[in-house]
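For reference, the structure is listed below as structure tokens.
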Amino acid sequence: MSAANSSTALEPDCEPLPSWGFWLGVGMGVIGSIGINVGQNFQAEAMQQLPPEERGNPCSSTLWIKGQVVFSSFSLINFAALALAPASVLTPLESIQFVSNIVYNRLVHKATITPRMASGVGLACFGTTLTVVFGASGEGCHSIEQLESFWI
């Protein structure tokens, strides 16, 4: 292969995402993770409300079905975010589920938030923010040859 051919082989055959795509992906990741957690909380609550003999069939609970719909819908949003932002940034965003679980239980179940829990929420938010700000920018447009060269 000549030098001219090797340089064109490294050119990706796609268009890079617009600059706003990264932040849209991050926003979708956050919303998706929160929605996933809310759906799981609905399902957990439904399972606790079911009599023990009916727990083998959670579909008998309307709340469980609603939780499944919420969980599935927001999982799709979370998955779609991967098209806009890199997994190295979106994966740490899943820690927002811990934060949303604390908030959910405070609002719905009037749970007490201890200083230790509040500190954990603060540290999770701080760490996640650092990951998003300093994580990969998500160039997202590589040729097959470039992807292969990353692994060689």
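The values are calculated or read from the model by the stated rules, or taken from the named source; none is laboratory data. Only a predicted model underlies this, so the values are computations on that prediction, with no experimental measurement involved. A quick note on method: Cβ atoms are made from the backbone with ideal geometry, for glycine too, and the neighbour counts reach across all protein chains shown. Please note that ligands, DNA and RNA were not included when accessible areas were found on the heavy atoms of the full protein model with its side chains. Shrake-Rupley method; radii C 1.70, N 1.55, O 1.52, S 1.80 Å.
For the reader, a short list of remarks on this structure follows.
- Residue 49 sits among other residues whose Cβ lies under 15 Å from its own Cβ, and their net charge, with Lys and Arg +1 and Asp and Glu -1, is -1.
- Solvent-accessible area assigned to carbon and sulfur over the chain amounts to 66 percent, based on a 1.4 Å probe.
- On Cα atoms only, tilt of 62-81 relative to the major axis of the chain in degrees: 20
- Value of relative contact order over the chain, rounded to a whole percent, pairs C-alpha under 8 Å and six or more apart: 35
- Mean ellipticity per residue at 222 nm, deg cm²/dmol - from DSSP H runs of n ≥ 4 across the chain, formula -39500 (n - 2.57): -23000 deg cm²/dmol
- Taking N as the residue count of the range 55-152, its C-alpha radius of gyration divided by 2.2 N^0.38 Å amounts to 1.48.
- Shown in residue order for the range 102-111 are the 3J(HN,Hα) couplings computed by the Karplus curve 6.51 cos²θ - 1.76 cosθ + 1.60 at θ = phi - 60°: 4, 5, 4, 5, 5, 6, 8, 9, 6, 5 Hz (x for Gly and Pro).
- Mean separation of Cα contacts under 8 Å (6+ apart) over length of the range 65-152, as relative contact order %: 39
- Contour minus Cα-Cα distance for residue 108 and residue 76 (0.36 nm per residue): 9.0 nm
- In this label model, residue 134 and residue 94 are separated by 2.2 nm, measuring between points 7 Å along each Cα→Cβ vector.
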